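My questions all concern the structure below.
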Amino acid sequence: MMIGLVLVLAISGSGVGANLQSPISLPADPPLASQQKKSKELKIRLKVSENPAPNRIIIHWVMKNISRTDVTILKNGYYFGYEIQVTDDEGKPVPLTKDGQDAWFSGLFVSHRNYVTIKPGNEDKCEADISRMFKWQPRRHYRIAVKRQHREAGIMVEARANPAEISL
C-alpha cells in the first residue's frame, strides 16, 4: 500500500524543525492468504460438474456451519459474497473476461443487504457457471478455489475450499 506523507516545516527563532504527517489514516494491510486466520465456524466444499453442457464450466460449492451457534453471512453480489479464484498450471491468476469484470463490479453497487443465518450443521449451497467469466485457454490445466471472509469474535477470518482441478 502506498501512503502519502506531508512534510511540515516549522520556522522559529531557534531554527527549523521538520515533522512528517500522514494526511490520511489507513487501516493496516489485510493479511496475505497464507497468513489469513482460518474460520472455525464455516467449512466449504467445492466440486466441478462432471458432465456439463459443451463449453460450460459449472461449479458447485457448499458452506457448512460447523460451529454450535448460528452464523449470519451477507449474501450479495454476483457470487453471493464468495470469491472465486482461478489459476493456470503455472499458478498465475486467470484474467477476467469483460463479462467477469462486469459481474464483479455489479456486486459492488448492490443497494440492499441480504443477510442469511445458517444454523449449526446446516449448509449454504451455491452454483455458478464460470464459463464466460474467465479467459480460458484450450489444452491448459486450471485450479479453481472458492473462499469467503467473515467475522468471528470480531476478527476477519476466511473459509476456503480445497481447490478443484480441471483440464480443458
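The values are calculated or read from the model by the stated rules, or taken from the named source; none is laboratory data. This one's a predicted model, so the numbers in the text were calculated from it and none came from an experiment. Neighbour counts are summed over all protein chains in view; Cβ atoms, including those assigned to glycine, are modelled from backbone coordinates with ideal geometry.
What is the number of the single condition among (1) of a type in the set (D, E, K, R); (2) loosely packed, with under 13 Cβ neighbours inside 10 Å; (3) closer than 30 Å to P54 by Cβ that R113 does not meet?
For R113, the failing item is (3).
Here's a follow-up. Can you name the residue in the stretch 139-159 that is charged (D, E, K, R) and over 20 Å from I57 (Cα atoms) and, of all such residues, is surrounded by the most Cβ atoms within 10 Å (Cβ to Cβ)?
Selected residue: R148.
Looking for something at pLDDT 85 or above, out of contact with any Phe, Trp or Tyr (no Cβ under 7 Å at 6 or more places or on another chain) and of a type in the set (A, V, I, L, M, F, W, C) - is there at least one such residue anywhere in the stretch 86-94?
Checked the stretch 86-94: no residue is at pLDDT 85 or above, out of contact with any Phe, Trp or Tyr (no Cβ under 7 Å at 6 or more places or on another chain) and of a type in the set (A, V, I, L, M, F, W, C).
Within the stretch 132-158, work out how many residues are small (G, A, S) and modelled with pLDDT of 90 or more.
The qualifying residues number 1.
I've got another one for you. For the condition of a type in the set (K, R) and in a strand (DSSP E or B), what is the one hit in R139, R151?
R151
Here's another thing I want to ask about it. Mind checking whether some residue in the stretch 67-90 is exposed (fewer than 15 other Cβ atoms within 10 Å of the Cβ), without any contact (Cβ under 8 Å) to a residue 12 or more places away in the chain and either out of contact with any strand residue (DSSP E or B) (no Cβ under 7 Å at 6 or more places or on another chain) or under 22 Å from V48 (Cβ atoms) (or both)?
Yes: one or more hits.
Scan the stretch 143-168 and report the pairs whose first residue is touching a residue at least 60 places away in the same chain (Cβ under 8 Å) and within 30 Å of P54 (Cα to Cα) and whose second residue is surrounded by fewer than 16 Cβ atoms within 10 Å (Cβ to Cβ) and acidic (D, E), with Cβ atoms within less than 7 Å and a gap of 6+ or a chain change.
Within 7 Å, the pairs are K147/E83; R148/E83.
I'm trying to understand the selection: among the residues of the stretch 54-65, which are in contact with a Ser or Thr (Cβ under 9 Å, 6 or more places away or on another chain) and loosely packed, with under 15 Cβ neighbours inside 10 Å?
Answer for the stretch 54-65, where residues must be in contact with a Ser or Thr (Cβ under 9 Å, 6 or more places away or on another chain) and loosely packed, with under 15 Cβ neighbours inside 10 Å: N55, R56.
If you check N76, N162, which single one turns out to be assigned to a loop (DSSP other than H, G, I, E, B), at negative phi, under 19 Å from the mean Cα position of the chain (by Cα) and modelled with pLDDT of 90 or more?
It is N162.
In addition: Could you tell me which numbered condition H60 fails, if it satisfies all but one of (1) modelled with pLDDT of 70 or more; (2) part of a loop (DSSP other than H, G, I, E, B); (3) not acidic (D, E)?
The number of the failed condition is (2).
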